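Notes follow the structure.
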Amino acid sequence: MITISKKKFKQCFEAKIYSIYAQSIKDATNEQLLNVLCSVIKDVLSKRWVDNKLSSQKEVYYFSVEFLLGRQLKSNILNLDIEESIRPGLEELGIDLDDLIEAEADPALGNGGLGRLAACFLDSMSSLNISGHGYGIRYKYGLFEQKILNGYQVEVPDNWLTQGGYVWETVRPNKAIVVKFEGNVQLIDENGKFKTIHKDYIPVMAMPYDIPIIGYRNSCINTLRLFKSEILSRDFGLVTSNAKNLSGSYEDALMYKYYAEEISQVLYPNDSNYAGILLRLKQEYFFVSAGIQDIIRKYRKNKLNIANLPEKIAIHINDTHPTLCIPELMRILLDEEGLSWDEAWNITKNTVSYTNHTIMTEAMEKWPIGMMKKLLPRIYMIIEEINRRHINDLKANAYDEYKIERMRIISNNEIRMANLSIVGSHSVNGVAKLHTEILKREVLKDFYEDEPEKFNNKTNGIAHRRWLISANQNLSNLITELIGEEWKSDTFKLLDLGKYEQDKDVLEKVGEIKYNNKKKLAKYIKEMQNIDIDPNSIFDVQIKRLHAYKRQLLNALHILNLYHELLENPNFDMVPRTFIFGAKAAPGYYLAKCIIKFINCLADKINNDPRIEGKIKVVFLENYGVSLAELIIPAADVSEQISTTTKEASGTGNMKLMMNGAITLGTLDGANVEIYDQVGKENIIIFGLTASQVLNYNKYGGYSALDLYNSDKKIKRVVDDLINGFIPNMDKEGREIYNALITYNDEYFVLRDIQNYEEAQRKINRLYKNRDEWNRMALMNIANSGMFSSDRTIEEYGKYIWFKGCDINGKYIKL
Ligand code: NBG
């Protein structure tokens, strides 16, 4: 455990402010004070951090093109357990710790669930004492900052590094790595052995920036290493003698600078929309190659036998973006270590494992052969050879030609990254039970039938330390008061809360904590958007990326319908409701942007209509991200998880919300199914099409949105409202949505589920009126959320994927 006394802390702090900024505390800005504080904390932990790198455990490397860390100060203080000296120490210096916590930039180096999951996994790996590290990209600009102007989403660059760097990072120029793009590859025969020569390539330097990932009150500090792309520094002159001559004219030099620096410039604002462009491929190879080279360099330095790599190292690829780990590792084993194909292939397969995060076909990456060949000539050759051998194996199994075609890695002039990932790894997992079943039975059926033992499920989880202990301190304290401290390191202990199910006092306290969190959120909404919100209303929350399959539209159409009901019947029985949305749309995703405009226009109309006496309020919160989620989630009563069944691989917001006592209103999709299993049918509201109904519609057709529109008056009314001017200022957008629903037959079955959804919403209304009953449901959700800690998820990855056959010290266990 790391300790620092209040006195020592104050001394260090005062010394630092002079040495870094040459000024006194009273003249410093909050950003400067924050910098100083983080720097003092880094001093305290750096020795431990260095020592950690010497561990002899089997190491896990988690490759992800996104990491959505969120602010780190609060969680680092929590994990290091140093608040007791820091808070009063700062106070004596006239500084409020909470102001500094708020001053920290929130690094938005991800789009949504996939990136946030990666951050939760890092947190859990450290907290479980696993030597597990992340590799990613240090984007200069993270996900855009969202502004809402006249109801439209406007994207503003996220300039998160303005203060001259990130407070938690340490740059390591001595660990920089060269990544090679383009050029020509020759294979020459040297006394019967192949040798590869890569000439005229463009070298790009990967500069590592390390961020410490601190375990919860243990001694483990792992590393998230993010690479920034730069031009080659002079020190690399010798090792890159075959590189293209880039020091010709001034223009050449400028072009080269642009080529290199562009790579880590921006994060793709894209989650399940596939952006088929060259820069993305460059980004993927850039961080993968740097990471794999880094691993091998360290491995060699420790003088370990390369044949034992799978016993010492596990490489995990988060979705297909890091798939090039497979051919890159092959390249190093073949070209640099001189292994035979079979040796290299065995090592690679036994080292790499892969997680699939979506069944949305547009998110299944494919790269044009021509692009890959030109950008990564040697990697392309290796992929071709992997494909050739793979097809031979398939033929040997006497599979029919259609099946072989579906399983090819290269087909139709494209490289299919999911197929390459499956073939080149020893484990393939989905992220919730239903999702894994759909992979096995539908999307990846051929591969599953071929190698069933490879497939497994690892239901996602969330870092309960951030999402409950830190984001909802009052609830966390109440839990500890009731059942003791143990739940913090073993969340299954939360089950003990069940014994208070009928305890009126406890239920009242749960309600009171929620009420206070709602007041805090209401205050924020008033400050930011000048909308008055009643904390006694039901806070109904849908926060996630904007995508048609997530069906924010279903929510909005239901609000519109409710509004009509109220207008028609002012005595309509309903508890006042505040509908809260938070969502960013990918900038090129037009329908998603139209839905944002629709929600905002609807909000305008409803919030300003005195006839409904404030019974409905609609709030679209700007710039949804990790920090805002930490404010919204503790204040939510209802958790909207209403995706078209089969489409949401897991969802993780659903877990955060239940853990904070919100009641899930959802379809039986993704991890909602497991939430349902945990809490039981009396503590969750389920509606909508089942997975098999959706799969049947997809396979055999038979769905007609137009029939529903023509036969159901309420549906007709809300759909017509999209285009009849009832909601002002959205003519174009309303038409676009109308067309998606009617002309294009409502791909996500919004109209099919609307009636069912309305009934479910009425049930929520009824239940909420009985405050004790509602609070009991909330308590039971908290009590049963234990399995959704990412600690449980990571334990499963460890046991069944990364350390299979070994313990975490790399010693073989006979299974
Ligand atoms: C997302 C899924 C979510 C899931 C997260 C984390 C992608 C490609 N997939 O349902 O949509 O919870 O991954 O697994 O971002």
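Some points to look at:
One line per residue, one yes/no per condition, for (1) farther than 30 Å from Thr652 by Cα; (2) open to solvent by less than 60 Å² (accessible area, probe 1.4 Å); (3) touching a Cys at 6+ places or on another chain (Cβ under 9 Å); (4) at pLDDT 95 or above:
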position	(1), (2), (3), (4)
Lys6	yes, no, no, no
Asp43	yes, no, yes, no
Arg48	yes, no, yes, no
Asn76	no, yes, yes, yes
Leu93	yes, yes, no, yes
Leu114	no, yes, no, yes
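- Scanning segment 687-695 turns up one or more residues that are open to solvent by less than 40 Å² (accessible area, probe 1.4 Å), within 15 Å of the ligand (Cβ to nearest atom) and either small (Gly, Ala, Ser) or modelled with pLDDT under 95 (or both).
- Of the helices (runs of 4 or more DSSP H) lying entirely inside segment 36-146, not one is found with 3 or more residues being within 16 Å of the ligand (Cβ to nearest atom) and free of Cβ contacts under 8 Å to residues at least 24 places away in the same chain.
- Test: Gln23 is surrounded by fewer than 19 Cβ atoms within 10 Å (Cβ to Cβ), outside any helix (DSSP H, G or I) and free of Cβ contacts under 8 Å to residues at least 12 places away in the same chain: yes
- Residue pairs meeting the criteria (Cβ under 7 Å; at least 6 apart or on separate chains; first touching a residue at least 60 places away in the same chain (Cβ under 8 Å) and at positive phi, in segment 544-566; second open to solvent by less than 10 Å² (accessible area, probe 1.4 Å) and away from the ligand (no atom under 16 Å from the Cβ)): Arg551/Val750
- Selected residue [under 28 Å from the mean Cα position of the chain (by Cα), at pLDDT 95 or above and part of a loop (DSSP other than H, G, I, E, B)] from Asn555, Asn536, Asn460: Asn460
- Selection count where residues are surrounded by fewer than 20 Cβ atoms within 10 Å (Cβ to Cβ) and in a helix (DSSP H, G or I), scope segment 769-786: 4
- Checked against the criterion of being more than 16 Å from the ligand (Cβ to nearest atom), of a type in the set (Ser, Thr, Tyr), touching a strand residue (DSSP E or B) at 6+ places or on another chain (Cβ under 9 Å) and over 30 Å from Tyr399 (Cβ atoms), segment 471-482 has no qualifying residue.
- Residue check, Ala290 small (Gly, Ala, Ser), out of contact with any His (no Cβ under 9 Å at 6 or more places or on another chain) and at pLDDT 95 or above: yes
- Residue ID - farthest from Glu449 (Cα to Cα), chosen from residues in segment 391-419 that are open to solvent by 20 Å² or more (accessible area, probe 1.4 Å) and not charged (D, E, K, R): Asn413
- Residue pairs meeting the criteria (Cβ under 6 Å; at least 6 apart or on separate chains; first open to solvent by 20 Å² or more (accessible area, probe 1.4 Å), in segment 646-658; second among the acidic types (Asp, Glu)): Glu648/Asp669
- Residue in segment 731-746 that is in contact with a Leu (Cβ under 9 Å, 6 or more places away or on another chain), over 19 Å from Ala548 (Cβ atoms), open to solvent by 10 Å² or more (accessible area, probe 1.4 Å) and part of a helix (DSSP H, G or I) present: no
- Count of residues meeting criterion [over 21 Å from Ser489 (Cα atoms) and among the hydrophobic types (A, V, I, L, M, F, W, C)] in segment 111-153: 6
- Filtered residues of segment 645-671 (kept if within 19 Å of Val443 (Cβ to Cβ) and within 12 Å of the ligand (Cβ to nearest atom)): Thr646, Lys647, Glu648, Ala649, Ser650, Gly651, Asp669, Gly670, Ala671
- All positions within segment 352-378 that are farther than 30 Å from Glu311 by Cβ and touching an Asp or Glu at 6+ places or on another chain (Cβ under 7 Å): Lys366, Trp367, Pro368, Ile369, Lys374, Leu375
- Consider segment 164-177 and keep the residues that are in a loop (DSSP other than H, G, I, E, B) and surrounded by 15 or more Cβ atoms within 10 Å (Cβ to Cβ). The one that is farthest from the chain's Cα centre (by Cα) is Ala176.
- First in segment 471-488 and open to solvent by less than 20 Å² (accessible area, probe 1.4 Å), second anywhere and of a type in the set (Val, Ile, Thr), Cβ under 6 Å, 6 or more apart: Leu475/Ile513; Ser476/Ile469
- Output for segment 8-19, where each listed residue is open to solvent by 30 Å² or more (accessible area, probe 1.4 Å) and either of a type in the set (D, E, K, R) or under 35 Å from the mean Cα position of the chain (by Cα) (or both): Lys8, Lys10, Glu14, Lys16
The values are calculated or read from the model by the stated rules, or taken from the named source; none is laboratory data. Note that the structure is predicted; figures quoted are calculated from it, not measured. Every residue, glycine among them, receives a Cβ derived from its backbone with ideal geometry; neighbour counts consider all protein chains shown. Areas reflect the complete protein model, heavy atoms only, side chains present, ligands, DNA and RNA absent. Shrake-Rupley method; radii C 1.70, N 1.55, O 1.52, S 1.80 Å.
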